[in-house]
1. At 0.36 nm per residue, and after removing the present C-alpha to C-alpha distance, how many nm does the segment from Ile130 to Ile192 gain when stretched out fully?
2. Given the convex hull of the Cα atoms of region 95-182, what is a quarter of its surface area in nm²?
3. Please list 92-101, 69-78 highest first by mean number of surrounding beta-carbon atoms within 10 Å per residue.
4. Excluding Lys80 itself, calculate the net charge of residues whose Cβ lies under 14 Å from the Cβ of Lys80, where each Lys or Arg counts +1 and each Asp or Glu counts -1.
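Any read-out appearing in this document is the output of simple, stated calculations on the displayed coordinates, not a laboratory observation. Fair warning: this is a prediction, and the values are worked out from it, not measured in the lab. A quick note on method: Cβ atoms are made from the backbone with ideal geometry, for glycine too, and the neighbour counts reach across all protein chains shown.
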Amino acid sequence: MAKDLTPIVKRSRRLGVVLGKEKAARRRNYPPGIHGPKQARSRARLSSYGEQLQEKQKAKALYGILERQLRKTFKKANRKKGNTAETFVQFLELRLDNVVYRLGFAKTRRQARQIVNHGFITVNGKRVDIPSFSVSVGDEIAIKENKKEKGIVKQIPEAILASKLPSWISRDEKFFSGKVTSIPQGEDLDQIFDPTLIVEFYSR
């Protein structure tokens, strides 16, 4: 009998992508459950709406956000001039919890949200405990001085060594701080989902 799968592994297999480091998600390209293999073929027969919906679900799962937050991000991107799909991903990447994750201050986005929620993070020297806070170019993100030796923060050195820093962020490993140096562009916007289909979904 197969071992019980964690929720994220089940979600990875259902969406056909790897959301974490789950080996199960890599081994099986079909949904969890006894009918999973039979359902694998049905993925190729998704309607246009079904494809759009699936890409939206991938984005929600990857960033760990709710429908309301994703829709709000789309509306914000849609008001900006330029490529809405590109702007949409940029806004997702510039969420504070994602920036904390990208800096290597957390091993997962979920852990990053926890760090932010618990008041461990400052932006330009001021405490910010809202994971969806939008970071801007020039903002400095850091771990509060009095939090550096507490709980989950002790794992930061290990996380930093294992993380790959995107080109739009700089990091000072000694002081547990980082800075947004530019807007994410090009390869830094590559994701496991197709943002164009998500824009089409919300534009229906």
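1. Working: separation 62, 0.36 × 62 = 22.32 nm, distance 2.51 nm.
Separation in residues times 0.36 nm, less the Cα-Cα distance, equals 19.8 nm.
2. Values: hull surface 18.9 nm².
Mean orientational projected area (region 95-182, Cα hull): 4.7 nm².
3. Values: 92-101: 23.8, 69-78: 17.3.
Sorting 92-101, 69-78 by mean packing, highest first, produces 92-101, 69-78.
4. Details: positive: Lys72, Lys75, Lys76, Arg79, Lys81; negative: Glu86.
Neighbour charge sum, excluding Lys80 itself: +4.
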